[in-house]
Amino acid sequence: MLIETDILIIGAGPAGSSTAKHAALNGAEVILIDKKSEIGAPKRCAEGVSKEGLKKLKIEPSSRWVTKELSGVLMKAPNGTSVWLNEEKVKLPEAGYILERKVFDKHMAMDAARAGAKIMIKTLATGMRRGNDSLIVTAETMGEEFEIKSKIVIGADGPESRVGRWAGLKTTIKPKNMESCAQFEMAGVKMDDPNSIEFHFGSVAPGGYAWLFPKGDDIANVGLGILTTETDKSAYQHLLEFVKNCPATQNAQPVEFNIGGDPVGGMLKELVTDNFMIVGDAASQVNPLTGGGIISAMEAGLYAGQVAAAAIRDGDCSKARLIKYQERCEENIGKKFKRDLKVKEYLLSLSDEELNSIAEAFQDIELDNINTAELIKNLIKVSPKALLKLGKLF
Amino acid sequence: MIKMIVNEWCMYCGECAAVCPRSLIEVRENSLIFNEGCKDCRICLQVCPVQALKKEENSDLS
């Protein structure tokens, strides 16, 4: 059996569904496939998105998939000293809403379907070869093998992207750029402020941080990401220790366990080739500082869908035409990531003692009227190396 | 040939596949497939969040 289409998208996470929706809205014939039997499950992330991000994507928040609206961020140093930032003071990147990803991802796929995309679930792509100005993907669903011939194929198949590799793009992620993450969804969590997310820095999570993301009532995602190049223990072992020692989880019980890799090395340099594009975690479109990637994946999906549909209309699916997608991603996503990567490198260079003294210096500062330059000036006072690592960025 | 054992508690998150420098690991919904060509770099073993992968002892001698 051979199916023909304009655009085939592999992977129905937020990146793939956003791409499918915008490609279909712009007139292309779209097929979206996913290997799983349930879109959105199991989740591999902490489920935070910014309000600004959803607004930019023109997605109206729905009570079906928003579990919690947040008003602040609590950052904890290893000795427990907290710095509290609220929404009015600082723009919070991944801290607007906490989602229910299982529901959110399905709704994003439904939006793609309503825009005209055809969805095939429990459908695995097993290979890809070049055709005449097209790509032919072999796939299987419920024991049946078939082929899909598409003018453009878009890989949205996560950090483990095989599709990108089939197309010849370098998508392999180095261990030093891959946060190894583990998380419990727990009930009975007692947070300092149930309307704020908490980040815990230092040796609780070598090379990353630990988080508590409240989901309403006493429910929270409690997890952490580590760099396996910085510790001999697994993410799971670090998580068990964190939950054992964290005051908020002393009486908490897990109802779900999630794991996954988060590519935090900054966006891949090459996102397109002839008849092919890559989007989302597969393209490392993840904020390297926060590890958040839902909004950037969906924003990239918007650009990918628009550029792919326009390329179909013009009858030109060459790399030279599709590079417009890469340019828009670099301008709107990649540039900011480069700055955040520097901030992350600085943050990861700090010892527990340095983190403590920074938190102590900042805990009483009135952040209401402070601008970034003053913030950095204060930081340099307690952490002189900040000047070296961050001075040029601000 | 090097043989990998995938323990029962593997959750198919795909982190091993993402870091494999030779792209030898395929992640399906409920299975992992290791293709031939492993050079024993062990990066997949290191990154696994739950230490679900194990190299079969002496498998590289056979």
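No value in this document is a laboratory result; all are computed from the given coordinates. On a predicted model such as this, the values are computed, not experimentally measured, just so you know. Neighbour counts are summed over all protein chains in view; Cβ atoms, including those assigned to glycine, are modelled from backbone coordinates with ideal geometry.
Remark: for residue pairs A:K344/A:K389; A:K56/A:K336; A:K58/A:K338, the C-alpha separation exceeds 20 Å in A:K58/A:K338. Taking the fewest neighbouring Cβ atoms within 10 Å as the starting point, the ordered list for A:E241, A:E179, B:E8 is B:E8, A:E241, A:E179. With the highest mean first, a sort of the peptides A:153-163, A:107-117, A:70-80 on other beta-carbon atoms found within 10 angstrom per residue produces A:153-163, A:107-117, A:70-80. Sorted fewest first by neighbouring Cβ atoms within 10 angstrom, A:I323, A:I197, A:I294 come out as A:I323, A:I197, A:I294.
Neighbour counts of C-beta atoms inside 10 Å place A:R321, A:R129 in the sequence A:R129, A:R321, starting with the fewest.
Magnitude of the charge dipole for the stretch B:4-55, about its Cα centre and with charges confined to Cβ atoms of Lys, Arg (+1) and Asp, Glu (-1), is about 200 debye.
Mean partner shielding of peptide B:17-29, defined as the number of other chain Cβ atoms within 10 Å of each residue Cβ, is 6. Computed about the Cα centre, the dipole magnitude for the stretch A:113-264 is approximately 800 debye when only Lys and Arg (+1) and Asp and Glu (-1) carry charge, each at its Cβ. Computing FRET efficiency as 1/(1 + (r/R0)^6) for A:E331 and A:E60, where r is the C-beta to C-beta distance and R0 is 22 Å, gives about 0.25.
The stretch between A:V343 and A:K319, if pulled fully straight at 0.36 nm per residue, gains 5.3 nm over its current Cα-Cα span. With a simple spin-label model that places each label point 7 Å from the Cα along the Cα-to-Cβ direction, the separation between A:E52 and A:L388 comes to 3.1 nm. Computed over the stretch A:273-336, relative contact order equals 39 percent, with contacts defined as Cα pairs under 8 Å that lie 6+ residues apart.
The eigenvalues of the Cα gyration tensor, multiplied by 5 and square-rooted, give chain A an equivalent ellipsoid with semi-axes of 38, 22, 19 Å from largest to smallest.
Ordering A:L348, A:M75, A:A20 by the projection of their Cα atoms onto the charge dipole of the protein assembly as shown, which places +1 on the Cβ of Lys and Arg and -1 on the Cβ of Asp and Glu, puts A:A20 at the extreme positive end. For the stretch B:4-55, the relative contact order is 46 percent, taking Cα pairs closer than 8 Å that sit 6 or more residues apart in sequence and dividing their mean separation by the residue count. Summarising the strand pairing of chain A, around 70 percent of its internal DSSP beta bridges are antiparallel.
Each Cα pair under 8 Å and six or more residues apart adds its sequence gap; the mean of these over the residue count of the stretch A:101-164 is a relative contact order of 20 percent. Cβ screening of the protein assembly as shown for cysteine pairs under 4.7 Å finds these without a partner: A:C45, A:C181, A:C246, A:C317, A:C329, B:C10, B:C13, B:C20, B:C38, B:C41, B:C48.
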